[in-house]
Amino acid sequence: MSDRANFGSKLGVILATAGSAVGLGNVWRFPYMAGENGGAVFIIIYVACVLLLGIPCMISEFIVGRHGRANTARSFQTLANGKPWALIGYMGVLTGFLITGYYAVVSGWCLQYVWASLIGHLQGDPQYFKTYFIELSSDPVKPVFWTVVILVMTYLIIENGVRNGIERASKMMMPTLFVLLLIIVGASCMLPNAYKGIEFLFKPDFSKINSDVFLSALGQSFYSMSIAMGCLCTYASYFSKETNLTKAASQIAIIDCLVAILAGLMIFPAAFSVGVEPDSGPSLIFITLPNVFQQAFSGMPVMGYIISLLFFVLLSLAALTSLMSLHEVSTAFFQEELHTTRKRAALIVTVSTAIIGAFCSLSLGAYDGLTFYGEALFDWFDFVTGQIFLPVVGFLTCIFIGWFVPHKIVRDEFSNWGELKDYVRYFHRYLFLIKYVCPLAILLIFLHQLGIL
Ligand code: PHE
């Protein structure tokens, strides 16, 4: 398949894949998880998990994707040699597909908040922000509208192909995101009493460590690195033979950690400066933060307006680059499996995930019929994909690569067919992690998430 699309440059590889990794997980999930789990200790464990477990898992998906040079399902099939291991690939595609709709809903909220900031609607007392969010998320029309808008934006990028669509958009959006991040970090750290937030982030209190903190950090690191959803595998199918997989995975992991920590530095100093506790859970970004920004900059309302607007633009950019990678998993799948054009495949994905997204969104209050066993469809999607499929696919991928695929194939991909001499030596360390340490760690997260551990 020599005419297969590919990324045009090393920078493109790194920015596109880092774009997948850097998402709502970094800016939304990481800060509230760090807030709930003791700040600095959580961050230390998190970084350790990324380095020791996240990077090897990421490399494994890269290996499958680059070797297969096809969509995730087909790439697994190539290596599975007729054995049922191919099912992992199908599960990965399915997970990516189902998550796209759900992720688009939250991404849509971000766009709605950009709009609300822009027209000056994000102003009021703390109760106002709460009501605003609850009304928005349970509205029958608005969130569905924004979900469709962000999916159409994703479509318009994806349909242009890998190089002209994904790579080009990532090269523009990722640096913008970084600049916005630095501006907001600067503004937040200059507030009075900001040091308390910085201290919370960087001064470890080791008495806070318990198994919960540990396993939450582990789960978060996998989610944040886009592991087990087919994204890494699909993007790796566009890598060239020269791409150094370990180096790429390490660089992406570093960017991902950096953005997460900077997101903390954006939020905690501002929160502490107005005396708001950072452990308010998932609502941190949508309810607590607009209020924090407003109060923190109450002496300079224009500044508050600008920072809040920039923050939601940043959040939307982060969401969009991740959404692109999720969308691409199914687009590549449909394109190759249905032998159709990229445009048509992308359209199928956009329409079907918009329908899924609409149902997820409506289940949050607008329509009671979408609740099963007391939980909204939205929460079911979150649970089934994030807490069941993700660990299962991740675990099986490690077992597959570590125990089933011939080591020669794995070593060849790992070391670029022996060209990367040093990496021939690192191979055993990688193999040890992927054979024993990673599967065990994923098993622990899985049992923890199900409440068994
Ligand atoms: N890594 C993304 C984030 O941090 C989430 C994501 C997971 C995106 C899996 C794509 C695939 O938000």
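The values are calculated or read from the model by the stated rules, or taken from the named source; none is laboratory data. This one's a predicted model, so the numbers in the text were calculated from it and none came from an experiment. For neighbour counting, all protein chains shown are included, and Cβ atoms are generated from backbone atoms with ideal geometry for every residue, glycine included. When the accessible area is computed, the model is the full protein with side chains, heavy atoms only, and any ligands, DNA or RNA have been set aside. Shrake-Rupley method; radii C 1.70, N 1.55, O 1.52, S 1.80 Å.
If you count Lys pairs in the chain whose Cα atoms are under 17 Å apart, skipping same-chain pairs closer than 8 places in sequence, the total is 9. Each principal axis of the Cα atoms in the chain has its own extent, and those three values, largest first, are 63, 48, 45 angstrom. Ranking of 178, 359, 133, 42 by solvent-accessible surface, largest first: 359, 178, 133, 42 (1.4 Å probe, protein heavy atoms only, all chains present).
Tell me the angle of helix 342-362 to the major Cα principal axis of the chain, expressed in degrees between 0 and 90 and rounded to the nearest ten. So the helix axis and the longest Cα principal axis differ by about 40 degrees.
Whole-Hz Karplus values for region 142-149 come out as 3, x, 5, 4, 5, 4, 5, 4 Hz, taken residue by residue from phi with 6.51 cos²θ - 1.76 cosθ + 1.60 and θ = phi - 60°; glycine and proline positions read x. Based on alpha-carbon centroids, what's the gap between region 84-101 and region 343-367 in Å, whole number please? Cα centroid to Cα centroid, the span is 17 Å.
Accessible area of region 10-449 with a 1.4 Å probe: how many percent of it is carbon plus sulfur? So the carbon and sulfur contribution to the accessible surface is 67 percent.
Counting only helical runs of four or more DSSP H residues, what would the 222 nm mean residue ellipticity of the chain come to if each run contributes -39,500 (n - 2.57) and the total is spread over all its residues? Walk me through the numbers on the way to the answer.
Working: 21 runs with 308 residues, N = 453.
One gets -22000 deg cm²/dmol as the mean residue ellipticity at 222 nm.
Keeping every protein chain present and rolling a 1.4 Å probe, give me the accessible area per residue for region 208-352 in Å². Mind showing how you got there, number by number?
Values: 4450 Å² over 145 residues.
For region 208-352, the per-residue accessible area is 31 Å².
Under the 0.36 nm per residue contour assumption, what length would be gained going from the current alpha-carbon distance of residue 432 and residue 48 to full extension? Before the final figure, lay out the partial values.
Numbers: separation 384, 0.36 × 384 = 138.24 nm, distance 1.66 nm.
Computed gain between residue 432 and residue 48 is 136.6 nm.
For the chain, the longest principal axis of the alpha carbon atoms and the long axis of helix 421-432 meet at an angle near 70°. Put the Cα centre of region 1-67 next to the Cα centre of region 246-318 and the gap is 19 Å.
A 1.4 Å probe run over region 32-181, with the rest of the protein chains in place, finds 36 Å² accessible per residue.
Look at the dipole of region 10-449 built from charges on Cβ: of 315, 393, 109, the Cα furthest out on the positive end belongs to 393. Seen against the Cα atoms of the chain and their longest principal axis, helix 126-137 is set at about 40 degrees. Report note on the peptides 232-238, 333-339: ranked by the mean count of other C-beta atoms within 10 Å, highest first, their order is 232-238, 333-339.
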